[in-house]
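Notes for the one structure printed next.
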Amino acid sequence: QLAAQTVFDVISLDWTVDPEQARARVDRAAAAAGRRPVVLQGNLDPTLLFGSPEVIRQRTTEMCQAFGSAHIANLGHGMMPSHDPERLRVFLETVHAASRRTV
């Protein structure tokens, strides 16, 4: 519904939204409205950056695969002051690796 009505090229999603369902809905709506596909942005739960590097890699890879193409990887709500910057590095490196496999 939103994709059919929006003039925006990107819709940002928080971590509570299922990426596969969102992709299907916005693609259907955009096609029905004769618009190009909308890019989705999001949506890793930022609390996962408190987890181990292995958990971050696994969940980030799953997120990237679920979104498919036309996706901007991001945290679902941004960084928290108490996040370890090294955990963000793990997230970013994993996004880069997953993106190379998707392209």
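Filtering ASP45, ASP27 for residues that are at pLDDT below 90 and not basic (Lys, Arg) leaves a single hit, ASP27. Candidates are the residues of the range 74-87 that are in contact with a Leu (Cβ under 9 Å, 6 or more places away or on another chain) and either at pLDDT below 95 or in a loop (DSSP other than H, G, I, E, B) (or both); the one that is most open to solvent (accessible area, probe 1.4 Å) is MET79.
In the range 56-73, of all residues being outside any helix (DSSP H, G or I) and of a type outside the set (A, V, I, L, M, F, W, C), the one that is most open to solvent (accessible area, probe 1.4 Å) corresponds to SER69. The C-beta contact set for the range 36-49 (first residue farther than 15 Å from GLU20 by Cβ, second residue among the aromatic types (Phe, Trp, Tyr) and open to solvent by 10 Å² or more (accessible area, probe 1.4 Å), distance under 6 angstrom, 6+ apart or interchain) comprises ASP45/TRP15. Within the range 72-95, residues that are in contact (Cβ under 8 Å) with a residue 60 or more places away in the chain and closer than 20 Å to THR16 by Cα reach partners that are among the small types (Gly, Ala, Ser) and crowded, with 19+ Cβ neighbours inside 10 Å with beta carbons closer than 7 Å, at six or more positions or on different chains, in the pairs ASN74/GLY42; GLY76/GLY42. Looking at the range 42-51, can you tell me whether even one residue there is touching a Leu at 6+ places or on another chain (Cβ under 7 Å) and on the phi > 0 side of the Ramachandran plot? Within the range 42-51, one or more residues are touching a Leu at 6+ places or on another chain (Cβ under 7 Å) and on the phi > 0 side of the Ramachandran plot.
Of all residues being at pLDDT 80 or above and of a type in the set (S, T, N, Q) in the range 1-16, which is surrounded by the most Cβ atoms within 10 Å (Cβ to Cβ)? Just the residue, please. Top of the filtered list is SER12.
The values are calculated or read from the model by the stated rules, or taken from the named source; none is laboratory data. On a predicted model such as this, the values are computed, not experimentally measured, just so you know. Cβ coordinates were reconstructed from backbone atoms using ideal geometry, including for glycine residues, and neighbour counts include every protein chain displayed. With ligands, DNA and RNA removed, areas are computed over all heavy atoms of the protein, side chains included. Shrake-Rupley method; radii C 1.70, N 1.55, O 1.52, S 1.80 Å.
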